Structures are given as C-alpha cells and as structure tokens.
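Heads up: the structure comes next, in structure tokens.
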C-alpha cells in the first residue's frame, strides 16, 4: 500500500472551491467541484474511484471551464482527464470500501460513527450551525464554551497569513466564549440531543470558581451533553485567572477538574493550553482531578502582521491589537509534538486523547490518530472551507483503512509512537541517504544549486544543459534540495550509503 500525490494543489491553484459551483452547474455528466475539492484535500484516489467508467471529457467542449468564475485559469477538463489517465488505473484494481463501519470509534466509551468532531469555537455556536454540521456527516460537536461571563467581542477579531492563492496557512483570533445565555445554550443541547440522538455533544465549559465549574458541569449533563470538556486553554480572556491562565498552573487544573467531576459522571476531557514547555504536568493534574482524557491543542499565543505604516498588529481595533490565539495548518507540527508527548508518557496510557491543531485533510487527521488521538477536532479548516470538508475527511481515512486491511480506526491509534523519540539521541548517524535527480522533469531553474550553495554544503552544480550534478564527496544528505525543488524533480534515492571516514 502506497499513497502518493499524483495531482497536487499547485495544479489547480487558481480554483477557489466555489459554493454552488458554476462548473458543476454547467457540466451535464459529473460534478467537477467535488472532484476538485477531493484533489485539494489530498483525496484524488477517492475522486478517481467515484468517476463513471467512461470518461465524459472525451470530445467535450468543456462548458465547465467556460462557466468558471476564473475562465481559462482552472484546467478543470485536464484535471478530470488526469484522474482517469494517471490515478484511476493505479487504484481501480484495489477497489473501494462499501461502507463506513471501520470509522466507528468511541470517546471514553461513548460510541461515535467516525472520529471527526467540530472543536469548540464559532463553528459550533448555535443550534442551526451544529445541526447543519451533523447533517453533513460530522460525528459530533464540541459546543462553543459556555460560561456565566458577560462576553463582549471586538471587531474585527480575525487575521491570517495566506499562501500564494489566498488560502489560509496560519490564522489568528481574539474571539472569546459563547455570548448566549445559559438558558439558550441548554435549550440548544436539548434540541440537538432530541433531533440527533446518535450524534455526540461535547459541552465545553469555563467557570470562574469551583462552585461554577461544578454547576456548569451538572447543568450540561442534565441537558443532554455526552461529554464535558473543560476549557483550561483559551488565550483571549479579558479577566485574569481564566482560560490559559489556569492551564499553565497544574494545581488549578487539578482543582477545577475535581470541581467539574463533582457535577457529573459523564466523561470529562481537560482541554489544555500549548502555551507551556510541556503538557505532562497539566495532563497529570487533570488525571488526578478525575479527567478521563485530554483535548489538545488549543490556539498558541501570537502576534502577527504588524503594519509597517501604522505600526499596529492585526487584527486592528481602533488603533490597537492584542496577543491572540494562532491556529491553522501552520501549528500542526507543534500540536503533533505535544500529542506525542502525552501518548508516550506511561502515566497516561489508557486516557483518551482528542487531538486538534491544524487539521485540514484526512492525512492530517491520520497523523494525529497515529500519534495517539482517538478522536480529532477541527475548526480553522471549517471556517475556511465549510462543513463540507467532512466528505473528504471520512472518505480519505476510510479508503486508507480499507487498503491497509484495517477493520477499525482503533487499529492505527498510536501506531507511530515507536518511531517517534522526544530527543534526538536515538538517531542513527553513520549513513547518508543521497538525493536522486530526475533530469526529464527538471526545468533547469537552479534553485537546488542556490539553496545548496547558500544554505547547504556546496554539493550541487549545473551542467551545460542546466541540469543539477551532485558531488557525493560534499553531499551530506540533508535533503534541502528535495524540499525546495519547485517541480518535485528531486527525491530520496531510497538507499543508504555508509559514511566514509577521513582515513577512507
């Protein structure tokens, strides 16, 4: 089993993933928007398998491209043809799963139809929003944090770092908690549980003292919550001693977890802040207080996008800004590190981990699962692309498990932990893995030479045809050239060579 991207995001970088896409409205045979979306979310194998046996693009005048909001800029027909010609022949013999049974899992014993949840945020803050998400296929929602605080939000309250096509790489928010009353939120829980009894409701709560943590926990339990999530991690609170201020003090984590436990027998997750050197102490405190699992990570405190003319950071609110929470795909490596830390710590074996932090695609989700997460939560990707991403999250993970021969997603929870060390002292250092150059696809840009000369070990030169030539005596196998090649014409050789000593 091997997953390789044959069609990349860069091949459709001008596509904006429209709502009610004109390309699909114009196509008489297929739904190009769904195919394009699957390509964008690392799911081209599933897209190819969903195609009809006969390619409808043959002898077609491409009305999809004429209807595109960016005419002549998105090669819809060529991408569909590539699905037929490059991807489908590679996957058709493997087949595809007939159902989603292998996605079923549980959260501290609470049964779930798949491991995908909305995380506690604006994407799950009203009945209508939660209902639409559950209808779309999400297994459950972590409702926006409930509190008794008066919430007054600023405007604007979001900022982002974007890629070449405008998609969000990193996202900053200075948003706080639910601004609805306790009565309104409890009515939402009741309606959701009545209308979606098989779906999961996580009630995120934040109290101001022990009594409130107990009362909120009990209230959510009584009104239909399946799991209680304790918000020890919001970085945007205006009052001191709340949110991430608690998560940074293990004694407070234990005290308020114990207070919440007094209000319910339902499973409790402690949602911890990443704004610490290690999650181990806070996780241990949560366990001591009665938590059944850990949710991590919440957003990372950040300052971003300082305007060079006004000198104000974003988002700007009447000439001022503030430290806020950073999320999006850019934080995934940090989240995986902290999840791995908890997974590898023996004291936490058996505790449920609900992982989050930069998940956009099914592969992102799988990485969290392989690092020990039994469930995963998503916000920023939903804010950018909508609830519809659940289609590719489920289909991609289900297809992977099918090809792997797994009967349940639980079979891959934590499967990567033996290969991850929290320190570098275990790494083998006596061999070199050289890069391999494909001169047929190389365009001779010389980027590899520039990077190797100025950021590596001066091991690459260009020949008369402007193709890279490596000096194995200088190359140390760092793979900088592999990472920067814009045409993906440099890959790992796949064969390790023993380092030569000075004597040799």
Here the residues within region 135-158 that are crowded, with 22+ Cβ neighbours inside 10 Å and within 19 Å of the chain's Cα centre (by Cα) are 138, 139, 140, 141, 142, 143, 144
Given (1) surrounded by 18 or more Cβ atoms within 10 Å (Cβ to Cβ); (2) touching a helix residue (DSSP H, G or I) at 6+ places or on another chain (Cβ under 9 Å); (3) on the phi < 0 side of the Ramachandran plot, residue 42 misses just (3)
Q. Has region 42-57 got at least one residue that is over 24 Å from residue 396 (Cβ atoms) and in a helix (DSSP H, G or I)?
A. no
Restricted to region 92-110 and to residues being in a helix (DSSP H, G or I) and within 25 Å of the chain's Cα centre (by Cα), the residue nearest to residue 140 (Cα to Cα) is 103
Going through region 340-360 in order, the residues found to be surrounded by fewer than 20 Cβ atoms within 10 Å (Cβ to Cβ), in a loop (DSSP other than H, G, I, E, B) and in contact (Cβ under 8 Å) with a residue 24 or more places away in the chain are 345
The residue from 260, 277 that alone is out of contact with any helix residue (DSSP H, G or I) (no Cβ under 8 Å at 6 or more places or on another chain) and either surrounded by 21 or more Cβ atoms within 10 Å (Cβ to Cβ) or assigned by TED's automatic domain parsing to the domain that holds residue 206 (or both) is 277
Check: Does region 149-158 contain any residue that is in contact with a strand residue (DSSP E or B) (Cβ under 7 Å, 6 or more places away or on another chain) and closer than 22 Å to residue 376 by Cβ?
Finding: no
Filtering helices (runs of 4 or more DSSP H) wholly in region 191-296 for at least 3 residues that are at pLDDT 95 or above and over 28 Å from residue 322 (Cβ atoms) gives 210-222, 250-261, 280-289
Subset of region 226-248, residues in contact (Cβ under 8 Å) with a residue 60 or more places away in the chain and in contact with a strand residue (DSSP E or B) (Cβ under 8 Å, 6 or more places away or on another chain), comes to 226, 227, 229, 230, 231, 233, 234, 235, 236
The condition of being within 25 Å of the chain's Cα centre (by Cα) and in contact (Cβ under 8 Å) with a residue 12 or more places away in the chain holds, among 69, 118, 51, only for 118
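Results for (1) in a helix (DSSP H, G or I); (2) farther than 20 Å from residue 388 by Cα, shown as yes or no for each residue.
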{"site": "33", "(1), (2)": "yes, no"}
{"site": "61", "(1), (2)": "no, yes"}
{"site": "78", "(1), (2)": "yes, yes"}
{"site": "83", "(1), (2)": "yes, yes"}
Surrounded by fewer than 17 Cβ atoms within 10 Å (Cβ to Cβ) and modelled with pLDDT under 95: is that true of residue 164 in this structure?
yes
For region 125-151 the number of residues that are in contact (Cβ under 8 Å) with a residue 24 or more places away in the chain, outside any strand (DSSP E or B) and over 23 Å from residue 101 (Cβ atoms) is 10
Screening 409, 413 for residues that are touching a strand residue (DSSP E or B) at 6+ places or on another chain (Cβ under 7 Å) and modelled with pLDDT of 95 or more leaves only 409
Filter region 368-380 for residues that are touching a residue at least 40 places away in the same chain (Cβ under 8 Å) and not in a loop (DSSP other than H, G, I, E, B); the one that is nearest to residue 104 (Cα to Cα) is 375
Here the residues within region 362-379 that are under 16 Å from residue 171 (Cβ atoms) and in contact with a helix residue (DSSP H, G or I) (Cβ under 8 Å, 6 or more places away or on another chain) are 364, 378, 379
In the set 6, 14, the lone residue that is out of contact with any helix residue (DSSP H, G or I) (no Cβ under 9 Å at 6 or more places or on another chain), in contact (Cβ under 8 Å) with a residue 24 or more places away in the chain and not in a helix (DSSP H, G or I) is 14
Given (1) within 28 Å of residue 319 (Cα to Cα); (2) surrounded by fewer than 24 Cβ atoms within 10 Å (Cβ to Cβ), residue 121 misses just (2)
Residues in region 283-325 that are surrounded by 24 or more Cβ atoms within 10 Å (Cβ to Cβ) and over 26 Å from residue 227 (Cβ atoms) total 1
The helices (runs of 4 or more DSSP H) lying entirely within region 390-504 that contain at least 1 residues which are surrounded by fewer than 16 Cβ atoms within 10 Å (Cβ to Cβ) and without any contact (Cβ under 8 Å) to a residue 12 or more places away in the chain are 447-455, 480-484
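The values are calculated or read from the model by the stated rules, or taken from the named source; none is laboratory data. The structure displayed is predicted, hence computed values, not measured ones. Positions of Cβ are generated from backbone atoms using ideal geometry, with glycine treated the same way; all protein chains shown enter the neighbour counts.
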